[in-house]
Amino acid sequence: MDYIDEIAKLKKQKKAVILAHYYQIPEIQEIADYVGDSLGLAQNAAETNAEIIVFAGVHFMAETAKILNPYKMVLLPDLDAGCSLADSCPPQDFKKFREQFPDHIVLSYINCTSGIKELSDVIVTSGNAVQIVESFPKEQKIIFAPDKNLGGYINNISGRNMVLWDGTCLVHNQLTTEAIIQLKTEHPDAELLAHPECDGPVLKLADMIGSTTAMLKYSEKSTSKKFIVASETGILHQMKKNSPYKQFLVVPKDKTCSCNDCPYMKMNTLEKLYLCLKNESPQIFLNDNTIERAQKPIHKMLTISKKLGII
Ligand code: 13P
Ligand code: SF4
């Protein structure tokens, strides 16, 4: 079966839109209507006129799209496509954690469940986190969840002392300084681009730190011809496509491991995407109260981002 052709037909017939994250396999990125980072995807989900949203990403991203579009059908090709960061922060535990800091507001990274979004004051993504934190007065007390690496990075560059939840991304957190130093030694002319989900020592070595979109734009504009990319492999598809004469290297854990592939992001396939559009399943369902409560911090993020000129 020609999945690409069949998906295109179904998409037209059902007035559906396919939103894909940069970490999806290249074939999915190529058939998507929009490919982006978490911020771009949230903005697109908020503005789409489509009747059905097919989210080629992970569960928390499809949930975000549903929260922003309660009356639309939101499909996720594989319901098991989760996220280690989202899993690290169960709402019941986070509720108790938050109670220890009653005078703090809660800023949560978008990589969290709808249950955590409900308990948050503002949502942030890697594309706007620093600016949103800095839009609050310095004396504002903040809890940041669930990524301790992104939170630590923001604390460092903004001079804040946010209380951090102890969560990490299994893909970015396993990248080591040893592997990076080895690559830098072999390729001294390469610039190191790192996602802020990497841990502190890795970020210290980076020439540029940013979201997937920020790294992609930087690689296009930089005069460098070679880049070491401390992130997930999927982003290399757009990097190579947009800068075909530049060289991009991923950071290996060891010679045999493809650990930079997010196991959740890579669960989606063209076949699953075709089937979910055809069968209109699996679908994301959330209760009305969750949607109502989780909408507020997401809308707040979009409003602040517009005000700050980030989107
Ligand atoms: P961004 O899309 O914000 O760069 O985040 C990367 C990521 O890990 C998404 O799961
Ligand atoms: Fe979650 Fe990391 Fe995978 Fe992104 S790359 S979905 S943060 S596990």
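Listing for the model above:
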item	result
Chain lengthening between residue 221 and residue 308 when straightened (0.36 nm per residue, less Cα-Cα)	29.1 nm
Set 72/95; 66/300; 11/148; 148/221; 204/306; 278/306 screened for pairs whose C-alpha atoms are more than 27 Å apart	72/95; 11/148; 148/221; 204/306; 278/306
Cα gyration tensor shape for the chain, rounded if a/c is under 1.5, else prolate or oblate	oblate
Shape call, region 63-105: gyration tensor on alpha carbons, a/c limit 1.5	oblate
Rounded, prolate or oblate (a/c below 1.5 giving rounded, otherwise prolate when a/b exceeds b/c) for region 1-130 by Cα gyration tensor	prolate
222 nm mean residue ellipticity, helices alone, for the chain (DSSP H n ≥ 4; -39,500 (n - 2.57); rounded to 500)	-12500 deg cm²/dmol
Full-extension gain in nm, residue 189 to residue 261, via 0.36 nm per residue minus C-alpha separation	23.4 nm
Fewest-first ranking of 83, 112, 259, using other Cβ atoms within 10 Å as the exposure measure	259, 83, 112
Label-to-label distance, nm, for residues given as residue 71 and residue 33 (7 Å Cα→Cβ offset)	1.8 nm
Part-to-part distance (alpha-carbon centres) for region 232-311 and region 150-217, which is given in Å	19 Å
GNM result for the chain, Cα springs below 10 Å: residue of 65, 46, 294 fluctuating most strongly	46
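Read-outs throughout are calculated quantities, based only on the coordinates presented, and are distinct from any laboratory measurement. In this text the structure is predicted, and so the values were computed from the model without any measurement. Counting neighbours? That spans all protein chains shown, and the Cβs are built from the backbone with ideal geometry, glycine included.
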